[in-house]
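Just so it is clear, none of the values below were taken in a lab; they were calculated from the coordinates. All values reported here derive from a predicted model rather than from experimental measurement. Neighbour counts run over all protein chains shown; Cβ positions are idealised from the backbone, glycine included.
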Amino acid sequence: MFLHDYKGSLPGCAGILLAAVLLGSCMDTQGSKAHKDGQSRPVITIMAPLHFPQGPDSSLVEKMEEMTAANLIIDWVPDEIYTDKMNAALTMNSLKQATFVKYTDYIFLKSAIRSGMFWEVGPYLAEFPNLRRLNASILSQTAVDGKIYGLYTERPSSRQGVIIREDWLDNLNLEPPKTIDQLYNVLKQFTYGDPDRDGKQDTIGLTDRNDLVFGAFKTLSSYFGTPNNWMVDNHRIVPEFETLPYKDTMDFMRKLYKEKLINQEFVVTSKDIQRDLLISGKAGVYIGSMTDVQRLSNEAKQVNPDARFTVVNRIEGPDGYKVWSIPNFNGLFLFSKSAIKTEEELKQVLGFFDRTMEEDTANLMKYGVEGRHYTLDGKEVLLPVKSEQLRINEVAPLYSLMIADLSNPNLMKVAREDPLLALAEKLTIDNEKFIVKDPTVNLESVAFDERSEELNKIIMDATYHYILGQIDRAGFDQEVERWKRSGGEQIIEEFTQSYFE
């Protein structure tokens, strides 16, 4: 439930953020070209996160425009500043027609939704051949007061696991870890056992970043048995940070930090720097989305051709195997009433997204252009290794625009996947056997929607301060009590009432 990066008082951060926001604003894909047959196309404006150094190839966007009969103006915003820029656009009432909202930020927009800033799209979905097939269960997870306001991007319940340098394991005669203790031993040996055999103590076990959710902390806490944000105990909803497993996780992270088995600046480390520590061979373990392993491995091989990786998803803790899960959407597109003035305009924008689910557009967005980015083996896709970087540079950013892709029957299947990616996807399916769900996903709490952002910061800061050794257990408990006095107790009461009513 900790949704925002650590906001330390670092010199120059404001200037860096401003420059990044301005950069994001300049990354629009302008789509004001006239249609070849002279007919006007609707202009569709979109704000979407960019997870790569650059946006998609302009020729692919032009092909999308031809296929969807739309002029696209896409504001590609670097993922690390996406929440800040989205919030700024919300405050200034300058949202695009379609604005992507991460599921971790969605709760903060529910008050805006209730105030009438966004279109309710549920009543219109049946008018479109692809949108009418959206999964009712996932739609219900996104609902606000029983109403549907967004088109979801589909994701598995949990991709979380451990990515490890396999060649380092071999050098140290270690097996992939199966328990928390074994994982700790791997991290220690990767730090002090000279795993790269260069005769120097210049490596660390774990690379992490300033994110308690998608960094290492929340996945590690799963292994310790921490509930997913909340748990039901004795007819009451209880926050995860009041549980012993959460505090055990803090102790574990504190130990890693004290023994220098983790990058010492992780509290202010970006995802790019976290990745670079693994890619460059300075760290040997990355805890996060297992499907990142293919890209991490390929980039690491450019630095060291002998680098090899493996993936582990089953780390046994006190309660067996556990892993936290998200709802089956990782975000959704909302539709601004200030940018979309009429019902007719709304239907044009919804029509664009419906059209992107058709076979030609969906496969273009997923795989690129046949002959350049992929080849065909019958009706299945072949993804040559030699064109992988081309796919990353030109095609991969378009994935942020794809809605409900996992269940889209119009997408072609991949014939032979990269072995590491295939392993990661296999383990993602295996995670379904022991996922831990958030019991509050479909519950209502106005106090949570309105106050959780400021309250989360209390717990987030307290967690970091404990890990860094700046406060003790009593100090952490004091911050929990402050969280309760500041509105947390009201959230507990509202969730409890909603759960048992």
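On the beta carbon distance between Glu359 and Val303, with R0 = 30 Å, the FRET formula returns roughly 0.20.
For the stretch 361-501, what ratio Rg/Rh do Cα atoms give with a Kirkwood hydrodynamic radius? Radius of gyration relative to Kirkwood radius: 1.18. As a proxy for reagent exposure, ranking Val144, Val162, Val381, Val43 by other Cβ atoms within 10 Å from fewest up yields Val43, Val144, Val381, Val162.
Given an 8 Å cut-off on Cα distances and at least 6 residues of separation, report the relative contact order of the stretch 160-324 as a percent. Reported as a whole number, the value is 39 percent. Each Cα pair under 8 Å and six or more residues apart adds its sequence gap; the mean of these over the residue count of the stretch 97-209 is a relative contact order of 14 percent. From the Kirkwood radius over Cα pairs of the chain, Stokes-Einstein at 10 °C and 1.306 mPa s returns a whole-number translational diffusion coefficient of 66 µm²/s. Entry note: the stretch 287-388 has Rg to Rh equal to 1.11, where both radii use alpha-carbon atoms and Rh is the Kirkwood radius.
As a proxy for reagent exposure, ranking Met290, Met92 by other Cβ atoms within 10 Å from fewest up yields Met92, Met290.
Only Cα pairs under 8 Å and 6+ residues apart enter the sum, and on that basis the relative contact order of the chain stands at 23 percent.
Working from label points 7 Å from Cα in the Cα-to-Cβ sense, the Asp198 to Val43 distance is 5.2 nm. Which shape class applies to the stretch 160-324: rounded if a/c is under 1.5, otherwise prolate when a/b exceeds b/c and oblate if not, where a ≥ b ≥ c are the square roots of the Cα gyration tensor eigenvalues? Prolate is the answer for the stretch 160-324, as a/c is 1.5 or above and a/b outweighs b/c. Protection proxy ranking of 261-271, 151-161, 52-62, by the mean of other Cβ atoms within 10 Å over each peptide's residues and highest first, is 151-161, 261-271, 52-62.
Over the chain, DSSP H runs of length four or greater, each weighted -39,500 (n - 2.57), average out per residue to a 222 nm ellipticity of -12500 deg cm²/dmol. Semi-axis lengths, largest first, of the ellipsoid equivalent to the stretch 446-500 are 24, 11, 8 Å, with √(5λ) applied to each eigenvalue of the Cα gyration tensor. Expressed in Å, the radius of gyration and Dmax of the Cα atoms of the stretch 38-174 are 19.3, 68.
Here Lys102 is the anchor, and the aspartates and glutamates within straight C-alpha reach of less than 16 Å, apart from those fewer than 8 places off in the same chain, are Asp5, Asp75, Asp79, Glu80, Asp84, Glu154, Asp211, Asp449, Glu453.
The stretch 266-288 and the stretch 148-168 have their alpha-carbon centroids 17 Å apart.
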